[in-house]
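These notes are about the structure you will find just below.
The values are calculated or read from the model by the stated rules, or taken from the named source; none is laboratory data. Owing to the predicted nature of the structure, the values given are computational and were not obtained by experimental measurement. Neighbour counts run over all protein chains shown; Cβ positions are idealised from the backbone, glycine included.
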Amino acid sequence: MMGIQTTQKDLFSYQVDLDRRVRQDNPLRAIREKVDFAWVRADVAHHYGNNGNESVDPEVILKLLFLLFLDNVKSERELMRIVPERLDYLWFLGYGLDDEIPDHSVPTKARVRWGRETFERFFVRTVAQCVELGLVDGRKIYADSSLIDANASNKSFVRTSPELAGALRAAYAVEESKFEIPEERRPHSYAPQNLTSLSLTDPDATMATKELRGTYAIAKPRYKSHRVVDDQCGVVTAVETTPGHIHDGACLLALTEQHHRTTGIGAQTVVGDQHYGTRENIRGLQAQGICTHMKVSHNTSLTTKTGIFHASEFRYESVSDTYLCPANQPLTRRSYDRVQRGWIYRAQATACRTCSLRSKCTTSPMKDYQGRSIVHPEGYELLVKGWAQARSAEAKRDLRHRMSLLEGSFGQASQNHHFKRARWRRLWRQRIQDHLIAAVQNVKKMVAYGPTGAGTAAASLNPSPETGSQTHVGHKTALAELETIIRLFLSAFVPSLRTECRPIALFFNP
């Protein structure tokens, strides 16, 4: 006998139990079990009075914003339309079928009322919980940044004088960036575009170009998200958001310090690309006893060869405070270069003109030639130590691993959590977005690696290729044994591989 579904609405419904309706392997069950959202009530209590209408529970508001980025919902309006249709959302928020859903303006007002500090503390709590679960080693960290398109168009930018742009920024109360190049260290030709242009839509966003396969795309109003990722499980331990024009390496020392505060573990090794291998970063990290596995920046004459004698071939004599060139001619201290933050040592012009090695030492014409010069930067011994570490085999392995670890972290955030475009305007709101996205990714790590996260819920939470890195971490011993077997097998047939073989773990790390 064929059944027919009746569509008549029930007059009463007493048997609806959302706890029974939500499947046991739903990812929200694992999140609700592991993450405590109730702390926010005490954290924001001072923002509310004792009289008047009751607000929506702050715990519910924080959960709503968490869901907004967890499932990459298009907007808060769309989220409020989806919540009544999703039984798991209602269960996660603690609502029933007949409860009234908050208006879409509630999270917006809460962001303004609470400020970005509350969401930063939420991110810090996820890092601390990852440390408690043993998901953070803390000794080796990787740093990188990514540009984020601002919620503004190129047409919103106006060009004006630096004085008027400064007055407009002051009127908009734009937060000045602490990572700007100090005025006394700027080259004479340095004229940042953000000093003479301003977006009337989002005055905090600045014009920045994105590098794509060796070429640069059209400049757009952008922000830049800087983050530090731990080596063990890829947990995000530090986040900083700046306008788009800020250089990547300008935030490294602050990010390293933030990693120490959030995890309670001091980093022993910092890994970064050539944007981070500046003299300031190497000097600052080496002074703290931190190993610098960073590709050295190209803009330093002490590390880049130009077809002539490299600066490292000049021997420094600390007793006489002079350099000796390959022809044993002395270079004495002359003047201080405030841009490169170092003393200039120069040879006698007469000695250079008659030197037999002149063609290998300079390509400049002899007319008005003042002699070969060397810049001796501040903290020279620290720089030499850092450059030596950057050339080590371990540093090269870390740089290869960095590509997969950080690109996987940024890629997963872009693919699943609306990372590449700003939802809101102004720098403080963008910082809220970056902290929420990082917190969501850390929560997913907790669920995936935790004692109860080994089942289907963990797999459904991480549909991206980043799941492969979890498998890699969980089978380190097996991969090490497999690497040894393959290394021995290859070395028997290819003699050149006996001393160096690419680690097989790189093929298993997404």
Qualifying residue in the stretch 295-311 (condition: at pLDDT 85 or above, closer than 20 Å to A390 by Cα, outside any strand (DSSP E or B) and not assigned by TED's automatic domain parsing to the domain that holds K360): no
Qualifying residues in the stretch 123-152 (those that are of a type in the set (S, T, N, Q) and outside any helix (DSSP H, G or I)) - the one surrounded by the most Cβ atoms within 10 Å (Cβ to Cβ): S145
Residues within the stretch 351-363 that are out of contact with any Lys or Arg (no Cβ under 8 Å at 6 or more places or on another chain) and either at pLDDT 80 or above or surrounded by 14 or more Cβ atoms within 10 Å (Cβ to Cβ) (or both), tallied: 7
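Residue by residue through the stretch 247-282, note down the ones that are in a helix (DSSP H, G or I) and among the small types (G, A, S).
Answer for the stretch 247-282, where residues must be in a helix (DSSP H, G or I) and among the small types (G, A, S): G249, A250, A254.
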Looking only at the stretch 230-267, and only at residues there that are in contact with a Leu (Cβ under 9 Å, 6 or more places away or on another chain) and over 18 Å from D137 (Cβ atoms), the one that is surrounded by the fewest Cβ atoms within 10 Å (Cβ to Cβ): L253
Close pairs from the stretch 208-222: first among the polar types (S, T, N, Q) and at pLDDT 60 or above, partner in a loop (DSSP other than H, G, I, E, B) and loosely packed, with under 15 Cβ neighbours inside 10 Å, Cβ under 9 Å, at least 6 apart: T209/A217; T209/I218
Residue that is nearest to the chain's Cα centre (by Cα) [pool: residues in the stretch 88-125 that are more than 26 Å from E33 (Cβ to Cβ) and among the basic types (K, R)]: R116
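Please verify whether the stretch 380-387 includes one or more residues that are aromatic (F, W, Y), in a helix (DSSP H, G or I) and either closer than 30 Å to C352 by Cβ or touching a residue at least 24 places away in the same chain (Cβ under 8 Å) (or both).
Looking through the stretch 380-387, at least one residue is aromatic (F, W, Y), in a helix (DSSP H, G or I) and either closer than 30 Å to C352 by Cβ or touching a residue at least 24 places away in the same chain (Cβ under 8 Å) (or both).
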Every residue from the stretch 251-276 that is among the hydrophobic types (A, V, I, L, M, F, W, C) and out of contact with any His (no Cβ under 9 Å at 6 or more places or on another chain): L253
Condition met for G49 (without any contact (Cβ under 8 Å) to a residue 24 or more places away in the chain and under 30 Å from C291 (Cβ atoms)): no
Candidate set: the stretch 318-350, residues that are free of Cβ contacts under 8 Å to residues at least 12 places away in the same chain and not hydroxyl-bearing (S, T, Y); chosen: the one surrounded by the fewest Cβ atoms within 10 Å (Cβ to Cβ): V319
Only one of I344, I374, I432 that is under 17 Å from the mean Cα position of the chain (by Cα) and more than 25 Å from Q232 (Cα to Cα): I432
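Of all residues in the stretch 103-120 being of a type in the set (K, R) and buried (at least 17 other Cβ atoms within 10 Å of the Cβ), which is nearest to Q232 (Cα to Cα)?
Going through the qualifying residues, I end up with R116.
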Single residue of L133, L87 found to be out of contact with any strand residue (DSSP E or B) (no Cβ under 8 Å at 6 or more places or on another chain) and either at pLDDT 95 or above or assigned by TED's automatic domain parsing to the domain that holds Q430 (or both): L133
Residue in the stretch 320-341 that is aliphatic (A, V, I, L, M), modelled with pLDDT of 85 or more and outside any strand (DSSP E or B) present: yes
Unmet criterion (only one of (1) under 21 Å from Q441 (Cβ atoms); (2) among the basic types (K, R); (3) assigned to a helix (DSSP H, G or I)) for R77: (1)
